[in-house]
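Enquirer: Sending over a structure as structure tokens; questions will come in a sec.
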Number of protein chains: 2
Amino acid sequence: MTIYEVAERASVSIATVSRVLRGNVPVSPGTAARVRAAVAELRYRPSHLGRGLAERQHAANGIVFPDLSGPYYAEVVLGYESVAAELGRSVLILSSHGRPTARDMVMELAARVDGLVFCTRTVDDETVREVAATGTPVVLIARPPVADVDTITTENRDSAALLAEHLLGHGYRRVVFLGDADRSSDFAERFEGVRQIIPAIVPVACGFDENSGFRAAEAVRRQRPDAVICCNDEVALGLTSATAGSVPVTGWDDVMAARYAGLTTVRQPMRELGARAARLLDERITGARGEPHHDVLPTRLIVRSSCGPHPKEET
Amino acid sequence: MTIYEVAERASVSIATVSRVLRGNVPVSPGTAARVRAAVAELRYRPSHLGRGLAERQHAANGIVFPDLSGPYYAEVVLGYESVAAELGRSVLILSSHGRPTARDMVMELAARVDGLVFCTRTVDDETVREVAATGTPVVLIARPPVADVDTITTENRDSAALLAEHLLGHGYRRVVFLGDADRSSDFAERFEGVRQIIPAIVPVACGFDENSGFRAAEAVRRQRPDAVICCNDEVALGLTSATAGSVPVTGWDDVMAARYAGLTTVRQPMRELGARAARLLDERITGARGEPHHDVLPTRLIVRSSCGPHPKEET
DNA sequence: TTGAAAGCGATACCAG
DNA sequence: CTGGTATCGCTTTCAA
């Protein structure tokens, strides 16, 4: 089923069929009707391949994330898809998770989209730069700027400081930061924010998921901390299930499980993160904007019970 | 950057460039080397559009799900992406969530992939049939067969019966099934499985997410049930937070939060669901298989504390 | 308003 | 082993 068959059925040229389908050029009402009828009868769907080739665009953009098992990226992707679809673009996803060929897969993906979003822990800056160099617009989520691509992040330092102050208010002195600041700018900023208030903060390395948090329990205990600030909710949850709540703990993100676990955490607008990224990307693709944007979304401290009995009233 | 420029740089024809890139036809070592050098120097990436048009395939397939906010679909998509990528195909996602134009978006998507997976609550069977009629291979996840497309589901009836028996063992007599069996074959099967053991089961309509569960609390209380079997974990969790655990509750799926909430539930291999779907689809796309498959994955009852104090030992 | 024809970027068949 | 060229399905001048 091609445009030729439709043209033949409607007794017009393929040019005319194309015109009524795109609707940008005037076509006589009668002809248009005949074409539309033919399209309907033949259940014709234009080929994206042919169209894309002629228009030199894909009408699709991608997003690269490390994993989708935690709630964080699921929300980000959801927000992204939601806006992209609304903007009429298909969305391609790529999980870099542990794949040694991530870089190649990314370059491969870049060749079939009009724009690309990269999350943290997916590929290095060099790869991002390479993609950007091909002219493909790029937006970075929660990672430092590279070249002059757009970035969108959430506020970390201030809320981390606020969280630290809250813990200090509890009377805690010796506190551990559980997470790997070197592998995520988000974590690095949170660590800095905390250290601003608690200079003696003790960093303990850790992965990003529940299991990592669970397995870090031993290392954490060794520090005999009054409280533990975890890099994210999953790690906090994992640690909690290992310590059975014997140590005050805080997380970050406010995922669904956090509420049920009574986890004190910092809520960040994950869905909005993806949504804004999609918008920024679109502005670049359509050329509506030239200068790079670096947006920062607000976050909010959510105090629950995991940080211990509250010495004073707070929200 | 096209194949022509590479050809010129290597002083060969585009046909030769194509040959060394695809590697299916013999090319003299010397020529191949020159071409490869040119490709590297020019940082050439073949256009997927051009290639796809010539090969009449997209090297991509899609998956349509209702939403991504809950853990269920995130896991399914993760499993799907994982296998699809491994098979060398890009993956396009489409969330039908509440969009009135879902059907059009699906037909649109179908036109740019080699195969498509549909989850429940996305589009009706008619649309599925229409896509299948275009010759695009289709796989259905957790929904009844349509035409002769492949399907992959998880076991519901038996585990539901098992769950019901467990509740009976607790001494509960009056039990409510919270969920809308009409809108999901999974839910319908679970309801049937329960009813097989508890004929007097009382159905109470409800949505699919936490909020729905929360808001259903009133309607549930009115039934003064000894226990409530929820259609999934999210609803169970929502209900729990509204009833503060005053009523024994069970869920389904075993999402992360279920563990922290001590929710008795039935675990199903969500990731595997997506992974198998990707494999089934690939078999159809490559034509490796002709007859339709209808796979059923096993599930497992997970007893925790939400169903009340245990009268006898169980796992 | 409409048609003819030149691409868009690859693949693959047909000769040589 | 290599080059020329028709083709894939569609958009878009250029003329009529």
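Enquirer: Could you grab me the full set of residues in segment A:1-15 that are within 9 Å of DNA strand C (Cβ to nearest atom) and in contact with a Lys or Arg (Cβ under 8 Å, 6 or more places away or on another chain)? It would help to see each step written out before you state the result.
Expert: Residues of segment A:1-15 within 9 Å of DNA strand C (Cβ to nearest atom): A:7, A:10-15.
Passing the criteria: A:Ala10, A:Ser11, A:Val12.
Enquirer: One residue is enough: does segment B:247-261 have a residue meeting the conditions open to solvent by 10 Å² or more (accessible area, probe 1.4 Å), part of a helix (DSSP H, G or I) and touching an Asp or Glu at 6+ places or on another chain (Cβ under 6 Å)?
Expert: No, the conditions are met nowhere in segment B:247-261.
Enquirer: Now, a different point. For A:Gly308, which of the numbered conditions (1) buried (at least 24 other Cβ atoms within 10 Å of the Cβ); (2) outside any helix (DSSP H, G or I) fails to hold?
Expert: (1)
Enquirer: Restricted to segment B:91-123, and to residues that are farther than 23 Å from A:His58 by Cα and not hydrophobic (A, V, I, L, M, F, W, C), which residue is nearest to the chain's Cα centre (by Cα)?
Expert: Ranking the qualifying residues of segment B:91-123, first place goes to B:Thr120.
Enquirer: For segment A:18-47, give me each residue that is within 14 Å of another protein chain (Cβ to nearest Cβ) and away from DNA strand C (no atom under 12 Å from the Cβ).
Expert: Step one: list which residues in segment A:18-47 are within 14 Å of another protein chain (Cβ to nearest Cβ), which gives A:21, A:39-40, A:42-47.
Those that are within 14 Å of another protein chain (Cβ to nearest Cβ) and away from DNA strand C (no atom under 12 Å from the Cβ): A:Leu21, A:Val39, A:Ala40, A:Leu42, A:Arg43, A:Tyr44, A:Arg45, A:Pro46.
Enquirer: I'm trying to understand the selection: among the residues of segment A:140-154, which are closer than 26 Å to A:Arg300 by Cβ and either buried (at least 21 other Cβ atoms within 10 Å of the Cβ) or outside the structural domain of A:Ala102 (by TED's automatic domain parsing) (or both)?
Expert: A:Leu140, A:Ile141, A:Ala142, A:Asp150, A:Thr151, A:Ile152, A:Thr153, A:Thr154
Enquirer: Okay, next question. Please note which helices (runs of 4 or more DSSP H) are completely contained in segment A:20-139 and include at least 2 residues that are within 16 Å of DNA strand D (Cβ to nearest atom), open to solvent by less than 40 Å² (accessible area, probe 1.4 Å) and at pLDDT 95 or above. Spell out how you get there, then give the answer.
Expert: Values: elements: A:29-42, A:48-55, A:71-86, A:102-110, A:125-133.
Answer list for segment A:20-139: A:29-42, A:48-55.
Enquirer: If you don't mind, there's one more thing I want to ask. Could you please let me know if B:Val149 is modelled with pLDDT of 95 or more and under 17 Å from B:Tyr73 (Cβ atoms)? Let's see the steps before the verdict.
Expert: Details: modelled with pLDDT of 95 or more: yes; under 17 Å from B:Tyr73 (Cβ atoms): no.
Spelling it out, it is not the case that B:Val149 is modelled with pLDDT of 95 or more and under 17 Å from B:Tyr73 (Cβ atoms).
Enquirer: Please go through (1) free of Cβ contacts under 8 Å to residues at least 12 places away in the same chain; (2) under 29 Å from A:Ala257 (Cα atoms) for B:Val76 and return the number of the only condition it doesn't satisfy.
Expert: That leaves (1) as the condition not met.
Enquirer: Go through segment A:1-19 and give me each residue that's surrounded by fewer than 18 Cβ atoms within 10 Å (Cβ to Cβ), over 22 Å from B:Thr136 (Cα atoms) and near DNA strand D (Cβ under 10 Å from one of its atoms).
Expert: The initial filter retains those residues of segment A:1-19 that are surrounded by fewer than 18 Cβ atoms within 10 Å (Cβ to Cβ), namely A:1-2, A:4-5, A:8-9, A:11, A:13-15.
With over 22 Å from B:Thr136 (Cα atoms) added as a condition, the list becomes A:8-9, A:11, A:13-15.
A:Ser13, A:Ile14, A:Ala15 - these are the residues of segment A:1-19 that are surrounded by fewer than 18 Cβ atoms within 10 Å (Cβ to Cβ), over 22 Å from B:Thr136 (Cα atoms) and near DNA strand D (Cβ under 10 Å from one of its atoms).
The values are calculated or read from the model by the stated rules, or taken from the named source; none is laboratory data. Model, not experiment: these values are computed from the prediction. Every residue, glycine as well, gets a Cβ built from its backbone with ideal geometry; the counts of neighbours run over all protein chains shown. Each accessible area value is taken on the protein alone, full model and side chains, heavy atoms only, with ligands, DNA and RNA left out. Shrake-Rupley method; radii C 1.70, N 1.55, O 1.52, S 1.80 Å.
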